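Here, each number is a calculation from the coordinates, and none is a lab measurement. Values in this document were obtained by computation on a predicted structure and should not be read as measured data. Note: ideal-geometry Cβ built from the backbone for every residue, glycine included; neighbour counts use all protein chains shown.
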Amino acid sequence: MSQKDFGPIAADYAFFMQSATEAEADMESHLVEIRLRFGDTRPICLLDVGCGEGHFLSELLQRFRIPATQLSLQLVEPVPEHLATARQRLREFSTESIRDWSGIEQVPTGSCDIILLNHSGYYVEDPGRLIEQVVAATRSQGMCIFALADGQNALIKLWKMGFGSAGLPVPYWTADDYRAILKERRLDFIEKTVPYEIRFPDVPENRLRLLRFLFADHLEKLDTEFLLSAFDNDRRDGQVLIPTVSTHFIVRN
């Protein structure tokens, strides 16, 4: 599923998560949509696609507070070690055995009420096929939520700047691609803009950490000094402060 190896950049990814309010903003937005649609009094099957080690979903479920007897969980994660950790972390939230898969194509048709894809859609092989598979796995009256970033997001702008300076296309998908596919296929969806910020002490190593998270092994092919200077306009009193947004697509079945 993933075209980006997070193993070598695990520490840089952790730095981004510590520096950004993205996860908090995404979580609050997801909870609004879930509560509007389902409340917390009926049985729900929830699937997290690209769940990683389960940190995000664990926090979301702690806030949702649905009884463990009313929740069943399914997980999609291509990295076996991450999947094992997620299963362990999430087992307290359901009295049923957690079902897990290495790919969305393995999920039974019409088996899920809620499907979350929280910033996991950038690195797939075919977003159109992913959307088809996610919609197929969603039950009638269910919904799936795609959280991504589009061209107005500061990090996507850095992707375009970095790869463009080397004459390369961005090798990942963005919310702009998903929006076009959803419209082309005339799926019923709403779009939300979710603001967040990135803030960290302005030292060269921190700038480099963010670049390593963004570009992974592609960074060695790019003009690193040029990209490091891209943060100059975001300096504020010894900090780098970047206000930006995520894009959420809520697709209803």
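For region 1-78, the direction-averaged projected area of the alpha-carbon convex hull comes to 5.8 nm². Estimated purely from DSSP H runs of n ≥ 4, each contributing -39500 (n - 2.57), the mean residue ellipticity at 222 nm for the chain is -11500 deg cm²/dmol once divided by its residues.
Using a cutoff of 8 angstrom between alpha carbon atoms and counting only pairs six or more residues apart, the relative contact order for the chain works out to 23 percent.
Look at the alpha carbon pairs under 8 Å that are at least 6 residues apart: their mean separation over the length of region 132-253 gives a relative contact order of 47 percent. Any idea what log10 I(q)/I(0) is at q = 0.16, 0.19, 0.21 Å⁻¹ for region 1-143, Debye with uniform C-alpha scatterers and no solvent? Ignoring solvent entirely, the Cα scatterers give -0.87, -1.25, -1.53. Applying 0.36 nm per residue to the separation of S229 and R65 and subtracting their alpha-carbon distance, the gain on full extension is 54.6 nm. Extension gain for the segment A136 to E81, taken as residue separation times 0.36 nm less the Cα-Cα distance, is 17.1 nm to one decimal.
Each Cα pair of region 110-188 feeds into the Kirkwood radius, which the Stokes-Einstein equation turns, at 4 °C and 1.567 mPa s, into a diffusion coefficient of 95 µm²/s. Based on every Cα atom in region 188-250, Rg and the maximum pairwise Cα distance Dmax equal 14.6, 45 Å. Peptides 84-95, 180-191 ordered by packing proxy, namely the average of other Cβ atoms within 10 Å per residue, highest first: 84-95, 180-191. Looking at the chain, the DSSP beta bridges with both ends there are about 55 percent antiparallel. Pairs of Lys residues in the chain are counted when their Cα atoms are under 20 angstrom apart and they lie 8 or more places apart or on different chains; the count is 7.
For the chain, the Cβ-based charge dipole about the Cα centre amounts to some 660 debye (Lys, Arg positive; Asp, Glu negative; other atoms uncharged).
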